[in-house]
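S.K.: Just dropping this structure here.
The values are calculated or read from the model by the stated rules, or taken from the named source; none is laboratory data. Since this is a predicted model, take the numbers as computed values, not measurements. All Cβ positions, glycine included, derive from the backbone under ideal geometry; neighbour counts span all protein chains shown. Quick note on the areas: whole protein, heavy atoms, side chains included, nothing else; ligands and nucleic acids left out. Shrake-Rupley method; radii C 1.70, N 1.55, O 1.52, S 1.80 Å.
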Amino acid sequence: QVQLVESGGGLVQAGGSLRLSCAASGSIFSKNAPMGWYRQAPGKQRDLVAVSFSGGSTNYADSVKGRFTISRDNAKNTVSLQMNSLKPEDTAVYYCYCRILGDNYWGQGTQVTVSS
């Protein structure tokens, strides 16, 4: 019903930057659906990183405020996460998500590794 495909993960040195992108498609995808990013580090739960609403509002986890920026392009059905000043603590698998008709949808995840 909904497909989310992430790209842009990789290995970066502490203090560096990466940009993640997510492309959405599917029979029930809506351009006004909330979209965002979660991450999951080894041995930890999956936590919210950032979310973007079609009306323009955004929310960020306290740990990434001032460093990460979420943006979306409704015309292209994409959402991106610009990650600056990366820290080793940011190392995780990052998952794109959206919420449609009360259900959550997830991408396959992309690995982000930050070396010290």
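S.K.: How many of the residues making up region 68-96 are on the phi < 0 side of the Ramachandran plot and part of a loop (DSSP other than H, G, I, E, B)?
M.R.: Residues meeting the conditions: 7.
S.K.: Which residues, taken from region 93-116, are under 28 Å from Q1 (Cβ atoms), open to solvent by less than 50 Å² (accessible area, probe 1.4 Å) and hydrophobic (A, V, I, L, M, F, W, C)?
M.R.: Listed by number, the residues that qualify are V93, C96, C98, I100, V112.
S.K.: With the condition kept exactly as written, say whether any residue in region 52-67 is among the aliphatic types (A, V, I, L, M) and in a strand (DSSP E or B).
M.R.: Looking through region 52-67, none of the residues is among the aliphatic types (A, V, I, L, M) and in a strand (DSSP E or B).
S.K.: How about region 8-48: which of its residues are open to solvent by 40 Å² or more (accessible area, probe 1.4 Å), more than 18 Å from T69 (Cβ to Cβ) and either in contact with a Cys (Cβ under 6 Å, 6 or more places away or on another chain) or assigned to a loop (DSSP other than H, G, I, E, B) (or both)?
M.R.: Scanning region 8-48 gives A14, S27, I28, K31, N32, P42, G43, K44, Q45, R46.
S.K.: Out of the residues in region 56-92 that are under 13 Å from W37 (Cβ atoms) and touching a residue at least 60 places away in the same chain (Cβ under 8 Å), which is surrounded by the fewest Cβ atoms within 10 Å (Cβ to Cβ)?
M.R.: Ranking the qualifying residues of region 56-92, first place goes to Q82.
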